[in-house]
Amino acid sequence: MSRIDKENYYLDIAETVLERGTCLRRNYGAIIVNNDQIVSSGYVGAPRGRKNCIDLGTCIREKLKVERGTRYELCRSVHAEANAIIHAPREQMIGATMYLVGKEFGTGEYVKNANSCAMCKRMIINAGIKRVVVRNSKTEFTAIYIEDWIVNDDSLIGKEGY
């Protein structure tokens with residue numbers, strides 16, 4: 001029996017975390033790891049005390065056929081990345097890696113080209129996290145270095161003069 005590599009070990013844990021997700025569209029699980037210790041975890045769900053989409057039986061973004069990556073203000077949920085950051089002390093996030101796994105609610109398939117939204121990217125940058133590892137398949141993943149998000153600031157795309 002061969003031993004699983006560390007990246008897929010942590011991605012498997014993030015995948016288990018996503019099973020707590022409450023979104024009727026896509027569920028994500030995130031864990032933050034620093035010095036081989038899990039610092040925090042998070043999954044997609046409504047803020048504490050509010051009803052989740054699975055409890056309501058409806059998703060407004062799904063109902064309105066909102067395109068992926070847009071109109072997040074309509075969503076009831078807090079993203080997995082944000083929940084993981086909220087529950088971790090900043091000093092334990094500095095230099096850490098976030099592991100992120102997303103699955104489609106209806107099919108259970110891994111989200112294609114998964115990445116953090118613009119708001120989560122900002123939080124990840126400010127948290128001091130250095131890398132995000134995103135699962136593409138059961139054994140394949142993409143490592144994103146946060147410095148790339150800083151240098152290639154996608155919030156400036158289309159801005160005149162930039």
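The values are calculated or read from the model by the stated rules, or taken from the named source; none is laboratory data. None of the values given here were measured: they were computed from a predicted structure. Cβ: placed from backbone, ideal geometry, glycine included. Neighbour counts: every protein chain shown. Heavy atoms of the whole protein, side chains included, go into the accessibility calculation; ligands, DNA and RNA do not. Shrake-Rupley method; radii C 1.70, N 1.55, O 1.52, S 1.80 Å.
Being among the acidic types (D, E) and at pLDDT below 90: is that true of D148 here?
No.
Give the residue, chosen from V134, V101, that is within 11 Å of the chain's Cα centre (by Cα), among the hydrophobic types (A, V, I, L, M, F, W, C), surrounded by 10 or more Cβ atoms within 10 Å (Cβ to Cβ) and under 11 Å from E81 (Cβ atoms).
V134
Conditions: (1) part of a helix (DSSP H, G or I); (2) closer than 22 Å to K51 by Cβ; (3) open to solvent by 80 Å² or more (accessible area, probe 1.4 Å). R76 meets all but one. Number of the miss?
Unmet condition: (1).
Any idea which residue in the stretch 24-50 is nearest to the chain's Cα centre (by Cα), counting only those that are farther than 15 Å from E7 by Cα and without any contact (Cβ under 8 Å) to a residue 24 or more places away in the chain?
Among those residues, the one meeting the criterion is R48.
Residues in the stretch 58-69: is at least one within 19 Å of G42 (Cβ to Cβ) and not hydrophobic (A, V, I, L, M, F, W, C)?
Within the stretch 58-69 (the criterion being within 19 Å of G42 (Cβ to Cβ) and not hydrophobic (A, V, I, L, M, F, W, C)), the answer is no, since none of the residues qualifies.
Within the stretch 53-83, how many residues are over 14 Å from G21 (Cβ atoms) and in contact with a strand residue (DSSP E or B) (Cβ under 6 Å, 6 or more places away or on another chain)?
0
The conditions are (1) in contact with a Leu (Cβ under 9 Å, 6 or more places away or on another chain); (2) more than 20 Å from N52 (Cα to Cα), and K103 fails exactly one of them. Which is it?
Here K103 meets the rest and fails (2).
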